[in-house]
Amino acid sequence: MRKKIAVIILTFNSEKTIKKTILASKKITKDIFVVDSNSNDNTVSICKKLKCKVLNRMFKNYSDQRNWIISKLNKKYLWQLHLDADEVLDVDAIKSINNKIYKKNNNKKVFLIKRKYYFLGKKLKYPGLNQWHLRLFQSNTVMCEKKLYDQHFITKIKVHKISKGFMHDNDKLNLYQWKKKHIKWAEFESKDIFNNKIQKNKFSKKYDPRYKFRSSKLFYYNFPKYLRVVIYFFYRYIFKLGFMDGKYGFLFCFYQAFWFRILVDYKISILENKRTFMIL
């Protein structure tokens, strides 16, 4: 007989954030699986002290890691809740999740949970990013799309929302740390674009509210490189109300557009030049 629910957390050198994530998750279940990618800090020891099941696996990419653990737990648990190492569920989210998983006649359902974003330690009300993430689902209903960056869980059934509560971004990065992380993500994003990994919207237009956000991203890449980052900034800062978050809203939109998105375009150009050189 399958157990009720497992929480799955991917980690790599997550000692600064993982404890809060685990402690909040324990209010849902004691069955917490940590898939660690050879951390060289205290991540593993913290997880073991908190009595999590730690699985060490070499990291290829996020989707590969997610799909591996999903398939491993599909036959053992009725429900799976997937979190990042820096995502802390608040009291309302925990209560809502518990209500959903113990509700009768809850046949084949998947749920989005809203993520609360922070920048330089400040909460953002208008980040301009997709805030709804599919994280809670019944086993055998979901897989992670095969992308290097901005990969989401996808499903063929109707998607519902956890209407109360948030996952809070607990990774209080300074600007240097933020840039360091986004250098890696720019590398992944550029390879996805270069290899045409995001040309198709895999979200259901009828059943999945994330469809609009993916469509806007696909539309963004129709514009010329470098020019599109200007459009991106004004879209996020003006149209998506980033200015309502004051100084930190401006800085967030500025660095997302004129640092991260320009870096992605630059790396795409490098890949295109390499391909041209190889052809010649």
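Quick note: the coordinates plus some simple rules give every number you see, no bench work behind them. This one's a predicted model, so the numbers in the text were calculated from it and none came from an experiment. Here the Cβ is made from the backbone with ideal geometry for all residues, glycine too, and neighbour counts use every protein chain on show.
For region 1-158, the Kirkwood estimate of the hydrodynamic radius, built from every pair of different alpha carbons, is 16.2 Å. How high is the FRET efficiency between residue 161 and residue 1 when r is their beta carbon distance and R₀ equals 41 Å, given to the nearest 0.05? For R0 = 41 Å, the calculated efficiency reads 0.90.
Panel order for 58, 244, 143, 1, by other beta carbons found within 10 Å of each beta carbon, from fewest to most: 1, 58, 244, 143.
Need one number: convex hull volume per residue for the chain, Cα atoms only, in Å³. Walk me through the numbers on the way to the answer.
Working: hull volume 39.3 nm³, N = 280.
Dividing the Cα hull volume of the chain by its residue count gives 140 Å³.
About its Cα centre, region 3-169 has a charge dipole of approximately 820 debye under the convention of +1 per Lys or Arg Cβ and -1 per Asp or Glu Cβ, with nothing else charged.
I'd like to compare 181-187, 15-21, 269-275: which one has the highest average count of other Cβ atoms within 10 Å, and what's the full order after that? Could you put the intermediate results ahead of the total?
Details: 181-187: 15.4, 15-21: 20.1, 269-275: 12.1.
Sorting 181-187, 15-21, 269-275 by mean packing, highest first, produces 15-21, 181-187, 269-275.
Its relative contact order, with pairs defined as Cα atoms under 8 Å and 6+ residues apart, puts the chain at 17 percent.
Send over the per residue convex hull volume for region 175-279, Cα only, as a whole number of Å³.
On the way: hull volume 12.2 nm³, N = 105.
Considering the Cα atoms of region 175-279, their hull volume per residue is 117 Å³.
Taking 0.36 nm per residue of separation and subtracting the Cα-Cα distance, what length does fully extending residue 91 through residue 61 add? Intermediate results must be reported in sequence, preceding the final value.
Values: separation 30, 0.36 × 30 = 10.80 nm, distance 3.11 nm.
Difference between extended and current length: 7.7 nm.
Take the Cβ atoms of residue 251 and residue 15, set R0 to 30 Å, and the FRET efficiency comes out at 0.65. Among the cysteines of the chain, 144, 253 have no other cysteine beta carbon within less than 4.7 Å of their own. Three semi-axes describe the equivalent ellipsoid of region 135-233; taken as square roots of 5 times the Cα gyration tensor eigenvalues and ordered largest first, they are 25, 20, 14 Å.
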